1. Restricting to segment 86-114, count the residues that are open to solvent by less than 30 Å² (accessible area, probe 1.4 Å) and in contact with a strand residue (DSSP E or B) (Cβ under 9 Å, 6 or more places away or on another chain).
2. What pairs can you find where one residue is in segment 83-105 and farther than 16 Å from K15 by Cα, the other is within 16 Å of ligand 2 (Cβ to nearest atom) and assigned to a loop (DSSP other than H, G, I, E, B), and their Cβ atoms are less than 6 Å apart, with a gap of 6+ or different chains?
3. Search segment 176-201 for residues being of a type in the set (K, R) and assigned to a loop (DSSP other than H, G, I, E, B), and hand back the single one that is nearest to Y4 (Cα to Cα).
4. Kindly indicate whether any position in segment 207-223 is assigned to a loop (DSSP other than H, G, I, E, B) and aliphatic (A, V, I, L, M).
5. List pairs: first residue in segment 64-80 and aromatic (F, W, Y), second residue modelled with pLDDT of 95 or more anywhere in the structure, Cβ distance under 8 angstrom, at least six positions apart or on different chains.
6. Which condition number in (1) touching a helix residue (DSSP H, G or I) at 6+ places or on another chain (Cβ under 6 Å); (2) more than 28 Å from L86 (Cβ to Cβ) is the one that T176 fails?
Amino acid sequence: MPVYNESATIREIVKKVMEVPLDIELIIVDDASTDDTDEILRREIKTKYPDIILLAHPANKGKAAAIKTAIPYCTGEIITIQDGDLETEPNDLIHLTEPIRRGEASVVYGSRYLNIHEAHLYRSYQLGGRILSWTVNLLYGQHITDEPACYKVFKADILRSINLHYERFEFCPEVTARVSKMGYKIKELPMNYYPRSFAEGKKLNWRDGLKAMWVLIRYRFTD
Ligand SMILES: Nc1nc2c(ncn2[C@@H]2O[C@H](COP(=O)(O)OP(=O)(O)OP(=O)(O)O)[C@@H](O)[C@H]2O)c(=O)[nH]1
Ligand SMILES: [Mg+2]
């Protein structure tokens, strides 16, 4: 769980994750938050859940950098990224991990479009996400509907084998491009989504969408 300034949601999301009926090892990386996220993590959350591994960056490095920091600490067979906000429903991880647990898939993405109830706060994000998904399908021969979805679930060895180059929100397009080039077919399953606004702390913006497009194109033609 990469976190940056999530003091409003961190307690609730950790509680939800710890209540999922799966054998979960939670590693939280605080990326030099400037609010009291770090204090909440150390004083309250670590006391309540001593098994959680808390890591911290001395300076802000980005979401992908936080994921990179956490990967060597993962001992489980499956790795997923859980955001520190309340946009996702951690119980979805039960069905999202199932194809990997059964040995039927190696990479599973959640999709907000395979649900009956679509809930997108900003239309521009919805369109941007669709364009990124079409790009992935066109350039990499996948059949996905929601490339930037927050739940991406991997057989642990696959994620470990990828030496992530980018440090910020490029995590999604980079792993999508690289698992595709490794020959993995991405399986998509529905996921719930409860979008938050910028006022509530959303950090991703349109520039990240353009960067994502660039990363997808770049990896198609270079290594
Ligand atoms: N480590 C780290 N995490 C960050 C940073 N910025 C955002 N995050 C975390 O990344 C997650 C996603 O951030 P959001 O702003 O909700 O972005 P989003 O639009 O939901 O985008 P995705 O979930 O990445 O598709 C949250 O858990 C944030 O706390 C950062 O600079 N460093
Ligand atoms: Mg989010």
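1. Taking segment 86-114 as the starting set, the residues that turn out to be open to solvent by less than 30 Å² (accessible area, probe 1.4 Å) are 87-88, 90, 92-93, 96-97, 99-100, 105-113.
Those still in the list that are in contact with a strand residue (DSSP E or B) (Cβ under 9 Å, 6 or more places away or on another chain) too: 88, 92-93, 96-97, 99-100, 105-113.
Residues in segment 86-114 being open to solvent by less than 30 Å² (accessible area, probe 1.4 Å) and in contact with a strand residue (DSSP E or B) (Cβ under 9 Å, 6 or more places away or on another chain): 16 in total.
2. Correct list of pairs: L96/Y151.
3. Quick first cut of segment 176-201, residues of a type in the set (K, R) only: 178, 181, 185, 187, 196.
Narrowing further to those that are assigned to a loop (DSSP other than H, G, I, E, B): 185, 196.
Working: K185: 31, R196: 15 Å.
Here the answer is R196.
4. At the first step, the residues of segment 207-223 found to be assigned to a loop (DSSP other than H, G, I, E, B) are 222-223.
When the remaining residues are screened for being aliphatic (A, V, I, L, M), the result is none.
No, the conditions are met nowhere in segment 207-223.
5. Y73/I27; Y73/I53; Y73/L55
6. Among (1) touching a helix residue (DSSP H, G or I) at 6+ places or on another chain (Cβ under 6 Å); (2) more than 28 Å from L86 (Cβ to Cβ), T176 violates only (2).
This table checks each residue for (1) within 19 Å of I67 (Cβ to Cβ); (2) in contact with a strand residue (DSSP E or B) (Cβ under 7 Å, 6 or more places away or on another chain); (3) modelled with pLDDT under 90.
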residue	(1), (2), (3)
L121	no, no, yes
N137	no, no, no
T145	no, yes, no
V153	yes, yes, no
I186	yes, yes, no
Y193	no, no, no
S197	no, no, yes
L204	yes, no, yes
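Residue by residue, here is whether (1) assigned to a helix (DSSP H, G or I); (2) of a type in the set (K, R); (3) open to solvent by less than 20 Å² (accessible area, probe 1.4 Å) holds:
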position	(1), (2), (3)
E6	no, no, yes
K16	yes, yes, no
D23	no, no, no
E39	yes, no, no
L54	no, no, no
P58	no, no, no
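The values are calculated or read from the model by the stated rules, or taken from the named source; none is laboratory data. These numbers were taken from a predicted model, which means no experiment stands behind them. Glycine gets a Cβ as well: all are built from the backbone with ideal geometry, and neighbour counts include every protein chain shown. For the accessible areas, the whole protein counts, side chains as well, though only heavy atoms, and no ligand, DNA or RNA atoms are used. Shrake-Rupley method; radii C 1.70, N 1.55, O 1.52, S 1.80 Å.
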